[in-house]
Amino acid sequence: MRAGPEAGAGALLEAVTRLRAAVDATRLPFELPGVGGDRTARRRLLDQLDDYVIPRLASLDAPLLVVVGGSTGAGKSTLANSLVGHEVTQPGVLRPTTRSPVLIHHPGDARWFTDQRILPGLARVTGAPHDTEATGAVRLVATEAVGAGMALLDAPDIDSVVESNRDLAAQLLAAADLWVFVTTAARYADAVPWELLREAADRGTSVAVVLDRVPTEAVGEIGPHLSGMLREQGLGEAPLFTIVESRLARGLLPPEQIAPLHDWLQALAGDAQARAEVVRHTLTGALTSLDARAGELGRALARQDVAARDLREAGRAAYDEALAHVRAGMRDGTLLRGEVLARWQEFVGTGELFRQIESAVSRLRDRITAFVKGEPARADDLGAALQSGVESLVANRAELAATATARRWRTLPGGDQLLAADPTLLRSGAGTDARVQRLVRDWQGDILEMVRHEGRDRRTTARIMAYGVNGLGVVLMLVTFAGTAGITGAEVGIAGGTAVVGQKLLEAVFGDQAVRELSKKARQQLEARVAALYAAELGRYEAAVGAVYVEAGDGRALETAAAAVRAAR
């Protein structure tokens, strides 16, 4: 590590700015266990980069910012008023007391605070305390009672009952070069302040402690006890100032009570080298902490990645299964049952098939020929039955895939929130049935085009003209779906006869090799169309995930940016 952040500050500022952009690009949208803490840590990291690290690196000679913070009713505002000798921030008995932060600075230092150099998320206001208790603003007070080179900021209560006050207090403390922590004899061991003190110690923040409202008889006991607690938390070098229980005069503490703290701060303000040392100590600690905090955010992103991957995989698995069932249905003969077989039996006769299926192929082929040549109405009926069967298979599997995805999502982190945001994901998309019908019609058009294309030479064309394109197309659909693995009983024989007779007819027109290629191509084209439909349906679920979570290598970008800061330090 370099001697301090002032060495190579330009390169370090550039690296930190890139890290800030990487942190800002991250998103933690899924409601995973512990995500509340992850989001808070991310927000506080951004706040400290914006409010302290970047502006301090950009202006190492800016005035020292001393944040006066502590628990509700600890006397922070009274202390701040007493340090400047008159009321600049409004104390009170109501809780919470300090609601809007007050920044007290020397008039000559106004340029450092009137712009958005630090605390860019807070508006600047001036005026009397009762006029400016607005949220989202910091009130600026210029007074020569504060030495040039230092500013005091009276922060909201760190344990306020108002969440926004607590968040703002934490943000302001992270923006401090020096934190003056104010506590009382009655509350110095409270848990909340010590959480922040431990965090300050971990991040190397410069800290001074004010023990307020101490009964005179208890000074010798409470002071050493608090000093011991500070040492245990790694803050043994933090100055400790004790203020005994005193009667206020015009709302101010007796001068002798605040004199040690006042003189220490004034000396610090007047000593450029001492101020620089405080800045170096706090800034180095903040920079050092960035690595671990970026790592924590990276692990939170990894958990979000896992959630997004699991949600996407659930959808893909459901639609892959749907497509597999459709493929099986095109091969196992299930599409030749029911209405399709009934229409087929009108032309070939089931009894005859059972009696002499193999020896009667020639005669059955003649009857089919008559069907395809001279009975277009029956061809249409059979084609409609086939179309209906395919539509039912494809649409049913689409619906089952949608409900399976929704059911699986309800068991996965983040799934419920996506379903609540878009209830249409509980079922297949609107208009799916119409798209399925169009898909099957388009595929039937593919079949007819294949028949026409296969009959390009004169001899085949003549045969096709003899039988009819539509009739041959229907028979090709039958042969495409031929198989008996998915049907039982009497339907096996009927479907088998259907396949044999239909294939013999097509072979008579196109030849056996061509028929095999035609049926294979017909299946492939239908599978491709169904796959495209299911991909579009899956896209609804992919889009729902992508709408809240975009995987853009955020984790890798964050790791790279943190490494660059580490190298620049």
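The values are calculated or read from the model by the stated rules, or taken from the named source; none is laboratory data. Every value quoted in this text rests on a predicted model; they were computed, and no experiment measured them. Using ideal geometry, Cβ is built from the backbone for each residue, glycine included, and neighbour counts are taken over all protein chains shown. Accessible surface areas use protein heavy atoms only, side chains included; no ligands, DNA or RNA. Shrake-Rupley method; radii C 1.70, N 1.55, O 1.52, S 1.80 Å.
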Say we look at the range 200-219 and pick out the residues that are assigned to a helix (DSSP H, G or I) and among the acidic types (Asp, Glu); which of these is nearest to the chain's Cα centre (by Cα)?
Asp202
Determine whether the range 45-56 contains at least one residue that is under 15 Å from the mean Cα position of the chain (by Cα), surrounded by 16 or more Cβ atoms within 10 Å (Cβ to Cβ) and over 16 Å from Thr288 (Cα atoms).
no
Identify, please: which residue in the range 94-115 is open to solvent by less than 10 Å² (accessible area, probe 1.4 Å) and more than 13 Å from Thr126 (Cβ to Cβ) and is, among those, modelled with the highest pLDDT?
Pro101
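This table checks each residue for (1) under 18 Å from the mean Cα position of the chain (by Cα); (2) farther than 30 Å from Arg327 by Cα.
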position: Ala522; (1), (2): no, no
position: Glu527; (1), (2): no, no
position: Leu538; (1), (2): no, no
position: Ala544; (1), (2): yes, no
position: Ala547; (1), (2): yes, yes
position: Leu558; (1), (2): yes, yes
position: Val565; (1), (2): no, yes
position: Arg569; (1), (2): no, yes
Considering each of Leu168, Leu152 in turn, give the residue that is under 19 Å from Gly70 (Cα atoms) and open to solvent by 20 Å² or more (accessible area, probe 1.4 Å).
Leu168
If I ask for residues that are closer than 23 Å to His86 by Cβ and within 35 Å of the chain's Cα centre (by Cα), which ones from the range 134-177 would you list?
Ala134, Ala137, Val138, Ala155, Pro156, Asp157, Leu172
Restricting attention to the range 12-48, the residues that are in contact with a Leu (Cβ under 9 Å, 6 or more places away or on another chain) and free of Cβ contacts under 8 Å to residues at least 60 places away in the same chain number exactly 5
Kindly indicate whether any position in the range 249-256 is open to solvent by less than 30 Å² (accessible area, probe 1.4 Å), part of a strand (DSSP E or B) and out of contact with any Lys or Arg (no Cβ under 8 Å at 6 or more places or on another chain).
yes
Which of the strands (runs of 3 or more DSSP E) contained wholly in the range 123-199 include at least 3 residues that are farther than 28 Å from Glu245 by Cβ and not acidic (Asp, Glu)?
123-125, 137-142
Exactly one of Leu393, Leu419, Leu382, Leu386 is at pLDDT 95 or above and either part of a helix (DSSP H, G or I) or of a type in the set (Ser, Thr, Tyr) (or both), and that one is Leu419
Between residues in the range 211-237 that are at negative phi and residues that are open to solvent by less than 20 Å² (accessible area, probe 1.4 Å) and among the hydroxyl-bearing types (Ser, Thr, Tyr), which pairs lie under 6 Å by C-beta distance while being six or more apart or on different chains?
Asp212/Thr184
Residue tally, condition open to solvent by less than 10 Å² (accessible area, probe 1.4 Å) and of a type in the set (Ser, Thr, Tyr), over the range 401-453
2
Quick one: Arg213 ticks every box in (1) open to solvent by less than 50 Å² (accessible area, probe 1.4 Å); (2) touching an Asp or Glu at 6+ places or on another chain (Cβ under 7 Å) bar one, so which box is it?
(1)
Checking Gly136 against (1) in contact with a strand residue (DSSP E or B) (Cβ under 7 Å, 6 or more places away or on another chain); (2) modelled with pLDDT of 90 or more, which test does it fail?
(2)
